[in-house]
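The values are calculated or read from the model by the stated rules, or taken from the named source; none is laboratory data. This structure is a prediction, so every number in the text was calculated from the model and none was measured. Virtual Cβ from ideal backbone geometry, glycine too; neighbours counted across all protein chains shown.
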Amino acid sequence: MRTILALLTSAIWFIIAAADARADTFVYTDDKGATQTVTARLLGSGQDAHALLQADGQMLVVPEGAVEKRETADGPAALTPAAMVDVLKSRFGADLLRVQTDEQFVIAFVAAGPLDRRAETRVKGFLQKTTRFMNNVNTVFERFARDMQFPLHDPEFPLVSVVFESDDDFNKFTNENTDGEGISAARISGFYSPQTNWLAIRLEECRTFRVPLHEAIHQQMYNRVFQRLAPIPRWFDEGIATGFENNGEKVDIHPAKINSQYAWLSKSMPGDDVKWADIVNDDQSFGGDILAAESYVEAWSLHWMLVTQHEAAYRKYVQELATRTPLEELPAEQRTERFAAIFGESVAAIADEFPRVLDVGIKRQKVRAPPQSPAGQMLTNESLAEIRMKALNDLSSGRLLVEGQIKNTSPIRPMTYHVSVVTGSGTYTDWVIDGLDVNAQTVLSGKVAAKVLPGTVGGLAATFTVRVQSTLAGSETAKQWNREAPLPKGFEQ
């Protein structure tokens, strides 16, 4: 009997492997009018387009009318991690690319410039640390997914993460992958692309690994549970990802626990701009700079409520989402109807219960309110720097007198910084800190915010923001900043 079962199992896997090996060669005309040929697996068709899966795991969307010829072919077999490294070298260049691979992950670092011996050693340690983190994420995700009975399977392709040392390089890559649509690149800390199947992360965000964790959950879901380019609601995508968010490398939270940051944000929001019914109905509020932050809070709230209060229906809902196919269309009214059908009540009725349930959960889990910065003080982490700034009224001028400290948080090498304090009236002051070493910190000596930004009135002000730019120590940009400080970040002409 055992032999028969073994043979049957082998036969089943042979059939699955044979099905996966089926592919086609497509000849099509691209958007520039050029003829292209690609061997790929057709994953789905809809909205007058085909979704084609290539050997490197990247998804190509081709308009149906652009296809000139389609012929049956073998493959394509999924690339190995080693072969994926060659794809990354072709995309980013071998000189500034450093990569570490293991059985499942490919972690890439795109340097902003040449690396000396010390920086090479630090990059190697950073890649090892990031690989360990991604494997930890994999373990925690698997545990939750099995508890929730997700239809889980192993990833077909290596899971790629690309960490950019330079914000400019990250912004350029982001714009290339989004065509400039949705949230502006400067406001994005990292993202998972269903088309490339890669994570793209700013090096700054690897200080706490909170953003890499969020995006890694998207990558896990779309490689192990959902089909890419399927009509999965954004509220679910962001709800489950925010449910895992943490501060620091240790992943000690999951969607069935209260995330203190999102819980207190939820309690502090008026709820007038984005409601649960809005995000269940469509994804619009997630796609712009204005409402996106509030939408993420609402997504966490709704997802947490469903996991903790409607567990059986939640499992059924995830299983239904997993059956959705690439490029499938799902009108807004069907989204709302399917939600109500599975959960047995309207999203509005579930929302009405949320404040009470959250308060009970906060008390049971002993969730503390986040600490508040003292009046006149600000802590900022951006552009590979940690800034602590304090402002006082300067009695002689009536303007703000500001002082603080800066720490280099780059794990790789010395940096040069331009730090600005911009007041609510458009006055500012700034510092250029040249060649600050890794983990080193220095004082930002007291200055009065008396410079006036072009196009602003100036005058007295009681509020301020901190703007930070960084560049490699010794670079041409650093030399230029030492000759003449630029305008504050965000106000460049």
Single residue of 83, 51, 55 found to be assigned by TED's automatic domain parsing to the domain that holds residue 30 and free of Cβ contacts under 8 Å to residues at least 60 places away in the same chain: 55
Residue match in the range 40-61 (condition: modelled with pLDDT of 95 or more, over 21 Å from residue 223 (Cα atoms), surrounded by fewer than 17 Cβ atoms within 10 Å (Cβ to Cβ) and hydrophobic (A, V, I, L, M, F, W, C)): no
Filter result (among the aliphatic types (A, V, I, L, M), part of a helix (DSSP H, G or I) and modelled with pLDDT of 95 or more) within the range 160-203: 203
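So that you can scan it fast, the table gives a plain yes or no per residue for (1) in contact (Cβ under 8 Å) with a residue 40 or more places away in the chain; (2) assigned to a helix (DSSP H, G or I):
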site: 228; (1), (2): yes, no
site: 232; (1), (2): yes, no
site: 236; (1), (2): yes, yes
site: 243; (1), (2): yes, yes
site: 251; (1), (2): yes, no
site: 265; (1), (2): no, yes
Residue under evaluation residue 284, criteria (1) in contact (Cβ under 8 Å) with a residue 12 or more places away in the chain; (2) under 22 Å from the mean Cα position of the chain (by Cα), criterion not met: (1)
Qualifying residues in the range 278-296 (those that are in a loop (DSSP other than H, G, I, E, B) and at pLDDT 85 or above) - the one farthest from residue 349 (Cα to Cα): 283
Residue satisfying condition, being over 16 Å from residue 108 (Cα atoms) and within 9 Å of the chain's Cα centre (by Cα), within set 189, 184: 189
Qualifying residue in the range 110-119 (condition: acidic (Asp, Glu) and not assigned by TED's automatic domain parsing to the domain that holds residue 33): yes
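Just checking, how many residues over the range 452-483 are among the small types (Gly, Ala, Ser) and crowded, with 20+ Cβ neighbours inside 10 Å?
2
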Residues that are at pLDDT 95 or above and surrounded by fewer than 14 Cβ atoms within 10 Å (Cβ to Cβ), drawn from the range 361-407: 405
Among the residues listed as 170, 164, 126, the single one being crowded, with 19+ Cβ neighbours inside 10 Å and in contact with a helix residue (DSSP H, G or I) (Cβ under 7 Å, 6 or more places away or on another chain): 164
Residue within the range 333-340 that is crowded, with 20+ Cβ neighbours inside 10 Å, in the same structural domain as residue 361 (by TED's automatic domain parsing), of a type in the set (Phe, Trp, Tyr) and more than 21 Å from residue 214 (Cβ to Cβ) present: yes
